[in-house]
1. Inspect all residues belonging to the stretch 5-15 and state whether any of them is part of a helix (DSSP H, G or I) and of a type in the set (Lys, Arg).
2. For the stretch 66-89, does any single residue satisfy the condition of being open to solvent by 20 Å² or more (accessible area, probe 1.4 Å), modelled with pLDDT of 95 or more, touching a Leu at 6+ places or on another chain (Cβ under 6 Å) and polar (S, T, N, Q)?
3. Going by the structure shown, is GLU114 under 18 Å from MET35 (Cα atoms) and away from the ligand (no atom under 13 Å from the Cβ)?
4. Kindly indicate the residue of the stretch 20-63 that is open to solvent by 30 Å² or more (accessible area, probe 1.4 Å) and of a type in the set (Ser, Thr, Tyr) and also nearest to the chain's Cα centre (by Cα) among those meeting that condition.
5. Find the residue count for the stretch 130-140, including only residues that are within 11 Å of the ligand (Cβ to nearest atom) and among the aliphatic types (A, V, I, L, M).
6. For SER120, only one of the following conditions fails: (1) in contact with an Asp or Glu (Cβ under 7 Å, 6 or more places away or on another chain); (2) at pLDDT below 95. What is its number?
7. Would you point out which residue out of LEU106, LEU126 is open to solvent by 30 Å² or more (accessible area, probe 1.4 Å), within 26 Å of SER64 (Cα to Cα) and in contact with a helix residue (DSSP H, G or I) (Cβ under 9 Å, 6 or more places away or on another chain)?
8. Can you find even one residue in the stretch 119-126 that is under 16 Å from the mean Cα position of the chain (by Cα), within 16 Å of the ligand (Cβ to nearest atom) and of a type in the set (Gly, Ala, Ser)?
Amino acid sequence: MALLNILKYPDPRLHKVADPVTHFNGELASLITNMAETMYEFNGIGLAATQVDIHKRIIVIDISEEKNSLITLINPILKTYSGHQEYDEGCLSVPSFFETVKRYELVSIDYQDEHGQTRSLTADGLLSVCIQHEMDHLVGKVFVEKLSQLKQQRIKKKITKLLRSG
Ligand code: NI
């Protein structure tokens, strides 16, 4: 196992569009293990491969308090969505910022598990928010881009400062 380096906004590599996973092998399994370990280490509830500079359609999520309910989503596709909800979102690529974002309330997705098996999932509440947030990463979108230009500029400045000061 190994911790992976998380890209920080506004790193342009966060805007790359991920490619589908086609090989379900040991390399994929160890990447998933490392992504999960990295997410848990930094107290995240979701991590997309894009955030660790691997541009493949892979997401790990665990919204449980106990950190024992890992969900791995490979090649997820949004099938249906309805309603709206607002949630204060954070992101491991945007350290120390939480901002209210509007998303769908209910989503259904098709995806593959780590063995390549096709599965479906319907989610509401926080899990639904998390799935939508992580799926955005796979198409090169970061949640701050849903905020006003003014807020985006402020966040960019503050993070750049934060990173410089280490
Ligand atoms: Ni994120």
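1. yes
2. yes
3. Spelling it out, GLU114 is indeed under 18 Å from MET35 (Cα atoms) and away from the ligand (no atom under 13 Å from the Cβ).
4. TYR40
5. Of the stretch 130-140, the ones within 11 Å of the ligand (Cβ to nearest atom) are 130, 132-138.
Now drop any that are not among the aliphatic types (A, V, I, L, M), which leaves 135, 138.
Number satisfying all stated conditions: 2.
6. Exception for SER120: condition (2).
7. Details: LEU126 fails: in contact with a helix residue (DSSP H, G or I) (Cβ under 9 Å, 6 or more places away or on another chain).
Going through LEU106, LEU126 in turn, just one is open to solvent by 30 Å² or more (accessible area, probe 1.4 Å), within 26 Å of SER64 (Cα to Cα) and in contact with a helix residue (DSSP H, G or I) (Cβ under 9 Å, 6 or more places away or on another chain): LEU106.
8. No, that holds for no residue.
The values are calculated or read from the model by the stated rules, or taken from the named source; none is laboratory data. Model, not experiment: these values are computed from the prediction. All Cβ positions, even for glycine, are placed from backbone atoms using ideal geometry, and neighbour counts span all protein chains on display. What goes into the accessible areas is simple: the full protein's heavy atoms, side chains included, and nothing from ligands, DNA or RNA. Shrake-Rupley method; radii C 1.70, N 1.55, O 1.52, S 1.80 Å.
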